[in-house]
Amino acid sequence: MYSQEALQKKKEMIFEAALSCFNEAGYDKTSIDSIAQKAGISKGGLYHYISSKKELFLELFDYKVNQYFEQMKAYTSKDQPPEEQLRILVAKAGEILKENEDFYRFCLEFLSMGVRDAEIRHVMTNFYKSSIATFKDIIDEAIRTGSFAAVDSSKVARSLYLAVMGAFFTYFSVDVDFDLTEQHDFELNNILNSLQKK
């Protein structure tokens with residue numbers, strides 16, 4: 001029997017192979033055979049870890065999103081003033097975007113499928129709600145402590161999310177004339193600066 005650690009490593013190897021295949025060919029043209037070949041295991045061996053291509057597609061997104069949130073959490077602590085937490089999240093989110101372009105390219109495919117697929121739409125809705133809640137909690141605390149003016153924290157949280165998603169969509173869908181990290185920081189810091197008490 002494999003240890004839990006060995007099983008996790010094998011699953012991560014499958015995720016990386018799947019990520020590469022989905023980015024190269026898209027969901028519809030990617031086969032279980034191509035993922036197994038890229039991962040260096042048999043098709044039967046791959047089915048030991050997943051039951052279908054759709055399950056792998058969903059699990060890959062979930063795995064990468066959890067990694068993203070863990071990375072973000074590692075940069076901030078509740079001991080920091082809320083405004084500082086937000087500014088760190090903004091700066092680090094831009095860096096993480098740049099470091100994980102392959103995953104964000106995959107997200108574009110995932111998001112586009114959510115237009116027609118209720119299961120994917122549900123997963124994306126949970127990601128959206130979790131992101132908004134994270135921003136909103138910090139903004140509420142900044143208002144409570146007097147760092148930010150009294151504003152509708154839900155709308156501001158949504159603005160932050162939409163700024164990130166807008167930059168992300170544009171970056172991967174057109175021939176851009178900007179640096180993703182710089183543009184991301186500029187947009188989000190402008191929003192944060194507008195919230196400060198005069």
**Prompt:** If you take the residues in the range 1-58 that are assigned to a loop (DSSP other than H, G, I, E, B) and not small (Gly, Ala, Ser), which one is modelled with the highest pLDDT?
**Reply:** THR30
**Complete:** Apart from one, (1) in contact (Cβ under 8 Å) with a residue 24 or more places away in the chain; (2) open to solvent by 60 Å² or more (accessible area, probe 1.4 Å); (3) not aliphatic (A, V, I, L, M) all hold for ASP175; the odd one out is (1)
**Message:** Restricting to the range 84-109, name every residue that is at pLDDT 85 or above, among the charged types (D, E, K, R) and in contact with a helix residue (DSSP H, G or I) (Cβ under 9 Å, 6 or more places away or on another chain).
**Reply:** ASP102, ARG105, GLU109
**Prompt:** Looking at LYS53, LYS64, LYS38, which one is closer than 17 Å to MET124 by Cβ and either open to solvent by less than 50 Å² (accessible area, probe 1.4 Å) or free of Cβ contacts under 8 Å to residues at least 24 places away in the same chain (or both)?
**Reply:** LYS64
**Hits in the range 73-90 - residues which are crowded, with 16+ Cβ neighbours inside 10 Å and assigned to a helix (DSSP H, G or I)** = PRO82, GLU83, GLN85, LEU86, ARG87, LEU89, VAL90
**Request:** Name the one entry in ILE96, ILE35 that is within 15 Å of the chain's Cα centre (by Cα) and not basic (Lys, Arg).
**Result:** ILE96
**Message:** Could you tell me how many of the residues in the range 152-163 are open to solvent by 30 Å² or more (accessible area, probe 1.4 Å) and part of a helix (DSSP H, G or I)?
**Reply:** 5
**Prompt:** Among (1) within 26 Å of PHE22 (Cα to Cα); (2) open to solvent by 50 Å² or more (accessible area, probe 1.4 Å), which single condition is ASN100 missing?
**Reply:** (2)
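The values are calculated or read from the model by the stated rules, or taken from the named source; none is laboratory data. All values derive from a computational prediction rather than experimental measurement. When we count neighbours, we look across all protein chains shown, and the Cβ atoms used for this are built from the backbone with ideal geometry, even at glycine. To get the accessible areas, we keep the full protein, side chains included, count just its heavy atoms, and leave off ligands, DNA and RNA. Shrake-Rupley method; radii C 1.70, N 1.55, O 1.52, S 1.80 Å.
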